[in-house]
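> Sending over a structure as C-alpha cells; questions will come in a sec.
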Amino acid sequence: MKFRFLAMIGVMSLAGLGLVGAGAHAIWTTSSTSSQTITAGTPQVVLSSADASNGCTTIAIAEANPGPCSGTLTLNAPAIVGSTFETPASQVWVTNTGDVPVTETSIQMGASSGGSSADNALYSQMNVCLHSWDVSFSSNYSGPGWVEANGPLSTAVALIPTVVENPVVIAPGASIWYSMEFYAGKNSLCGNIYSSGPNTSARWAAYEGGAYSTPASLTNAAEGGVVTATFTYNYSS
C-alpha cells in the first residue's frame, strides 16, 4: 500500500509539472519607430544687370530685394537707331537664390508697340540676337557661350516657345548670364546662324523657309517706330 501511494504521488507530481510548463509559455513582443521630416523647397530666381533701370544692377542688389528684383527686370532703352544698326548687348545675370535647383526649360520672346504703321514696320524688320552662358558666376569669365536664337524678332515672337532649352540645371547660389541685342542691315554678335542648338535652328529655318541670311536695313516705313521687346526665361524645379 505504501508503494502504491508513493507511486501515485509521483504521477501527480509529473502531471503538475506538465501543466505548469504549458501555462508559463509566452511570446515576447517589442516595437521601434523611425521618423523623417520632409520639407518642400522654395525655388527663386533673381535677375540683375548693369544695364537695368530699376535698381537691380548687381547680383548683390537683386538678392537683397526679393520682391521687385526677383524675376522682373527693365533694361535701359538704347539710343535712337538708324536704318542700319546694332544695339549694345545688354547682359543679364540669372541667380538661383532659392534652396532647390532649378532647370531651364524654355525661352519666350514677346513684343508690344503702339500699333502704328511705323511701329509695325519696325517690328517686322528688326532682328534679335540672344546669346547665353550657363556657367557659375565668375567675374573674369570670357568664354564664347552659344547662340540661343538669332533672326527676325517677329519669328522669335511667333514661335512658341522661342527656344526649347537643354536641361541646364542652376544649383542654389549659382548663376548663369545671357545677352540680348537688336539689329538690322548687318549681322550681330550671334553671327550668321539661327541657333547653336540643332533643334532650334531647324525650327527657325522651317518657319523662315530657308537658312539664315543677313537682314536688310530698315525701310522708310519704320521711321519713328517704337517697339518694346520682352524676354522670358522659364524654369522648373
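The values are calculated or read from the model by the stated rules, or taken from the named source; none is laboratory data. Please read these numbers as outputs of a predicted model, since none were measured by experiment. Positions of Cβ are backbone-derived with ideal geometry, glycine not excepted, and every protein chain shown enters the neighbour counts.
> Would you mind stating whether Ala64 is at pLDDT 90 or above and of a type in the set (Gly, Ala, Ser)? Steps first, answer last, please.
On the way: at pLDDT 90 or above: no; of a type in the set (Gly, Ala, Ser): yes.
Taking the combined requirement at face value, the residue does not satisfy it.
> Could you figure out which of (1) at pLDDT 90 or above; (2) crowded, with 17+ Cβ neighbours inside 10 Å; (3) in a strand (DSSP E or B) isn't true of Gln108?
(2)
> Hey, can you tell me all the residues within the stretch 35-57 that are over 19 Å from Asp99 (Cβ atoms) and among the aliphatic types (A, V, I, L, M)?
We begin by selecting, within the stretch 35-57, every residue over 19 Å from Asp99 (Cβ atoms); these are 35, 48-57.
Scanning the stretch 35-57 gives Ala50, Ala52.
> Asp99: modelled with pLDDT under 90, under 20 Å from Pro172 (Cα atoms) and in contact with a Gly (Cβ under 9 Å, 6 or more places away or on another chain), yes or no?
Numbers: modelled with pLDDT under 90: no; under 20 Å from Pro172 (Cα atoms): yes; in contact with a Gly (Cβ under 9 Å, 6 or more places away or on another chain): yes.
Answer is no for this residue.
> Also, quick follow-up: I'm trying to understand the selection: among the residues of the stretch 68-85, which are of a type in the set (Val, Ile, Thr) and modelled with pLDDT of 90 or more? Working first, answer last.
The initial filter retains those residues of the stretch 68-85 that are of a type in the set (Val, Ile, Thr), namely 72, 74, 80-81, 84.
Hits for the stretch 68-85 are Ile80, Val81, Thr84.
> So, one more: What is the residue count in the stretch 169-187 for residues that are touching a residue at least 40 places away in the same chain (Cβ under 8 Å), surrounded by 14 or more Cβ atoms within 10 Å (Cβ to Cβ) and closer than 18 Å to Ala149 by Cα?
Total satisfying the criteria: 10.
> For the stretch 31-68, how many residues meet the condition of being touching a residue at least 60 places away in the same chain (Cβ under 8 Å) and either of a type in the set (Val, Ile, Thr) or surrounded by 13 or more Cβ atoms within 10 Å (Cβ to Cβ) (or both)?
If we filter the stretch 31-68 for residues that are touching a residue at least 60 places away in the same chain (Cβ under 8 Å), which is where we start, we get 41, 43, 45, 59.
Narrowing the set further to residues that are either of a type in the set (Val, Ile, Thr) or surrounded by 13 or more Cβ atoms within 10 Å (Cβ to Cβ) (or both) leaves 43, 45, 59.
Result for the stretch 31-68: 3.
> Evaluate the stretch 150-160: report whether one residue or more is surrounded by 17 or more Cβ atoms within 10 Å (Cβ to Cβ) and modelled with pLDDT under 95.
Of the stretch 150-160, the ones surrounded by 17 or more Cβ atoms within 10 Å (Cβ to Cβ) are 150-157, 159.
The next check asks that each one be modelled with pLDDT under 95; those that pass are none.
No, the stretch 150-160 has no match at all.
> State yes or no: is Ala216 surrounded by 18 or more Cβ atoms within 10 Å (Cβ to Cβ) and closer than 24 Å to Ser83 by Cα?
Numbers: surrounded by 18 or more Cβ atoms within 10 Å (Cβ to Cβ): no; closer than 24 Å to Ser83 by Cα: yes.
Criteria not met by Ala216.
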